[in-house]
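Accompanying notes for the structure given below.
Just so you know, all these numbers are worked out from the coordinates, no wet-lab data involved. What you see is a predicted model, and the numbers here were worked out from it, not measured in a lab. Here Cβ is always computed from backbone atoms with ideal geometry, including for glycine, and neighbour counts include all displayed protein chains.
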Amino acid sequence: MATRQIFLFLCLCFVVFFVSADGRSAHDELMKYGFPIGLLPANVDSFTINSTSGVFSVRLGGSCRVTLPPDNYLATYSNKITGKIVENRIAELDGISVRAFFKWWGITGIRSNGENLVFEVGVVTAKYPSKNFDKSPLCEGTRSSS
């Protein structure tokens, strides 16, 4: 019985190691799939991704509020962000909201064609230059170490 538990524990450790210890960050994964790193704030604690299905989960060091360029929309990131990523497309996104027209809207998907990003909020879309997201934003109230 103890041998079986040790084996299961080692398997679990291998899966965790395989998913997150290959030296890649969540920001690296965004670039791998054709997205700029600035879609995620700088305070990513951990992430997992299923390389077959594209299902991912990102954990932040807490919820986060940022101002998004270029129109200075206020956005919030939950401490956990989930979705499904494939080349140039993020779908089933949960955990990112933006304030527009006096209301909070959940961003449900993002598409990239290299030069532009198209943000989906239900059936409504908004297009912005990818270069506006070249740097990861700091959460408001967080100071840079530089």
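Observations on the model:
- Region 38-81: equivalent-ellipsoid semi-axes (sqrt of 5 x gyration tensor eigenvalues, Cα, Å): 22, 13, 8
- Neighbour counts of other Cβ atoms within 10 Å put Glu92, Glu120 in the fewest-to-most order Glu92, Glu120.
- Low-density loop cleavage sites - trypsin sites (Lys or Arg not before Pro) in region 73-146, where at most 12 other Cβ are within 10 Å (DSSP): Lys135, Arg143
- Distant-in-sequence amide contacts of Tyr33, defined by a placed amide H-H separation under 5 Å and a gap of 5 or more residues or a different chain, comprise nothing.
- Computed lengthening from Ser63 to Ala100, 0.36 nm per intervening residue step minus Cα-Cα distance: 11.4 nm
- Amide H contacts under 5 Å for Cys139, placed H, 5+ residues apart: Ala42, Asn43
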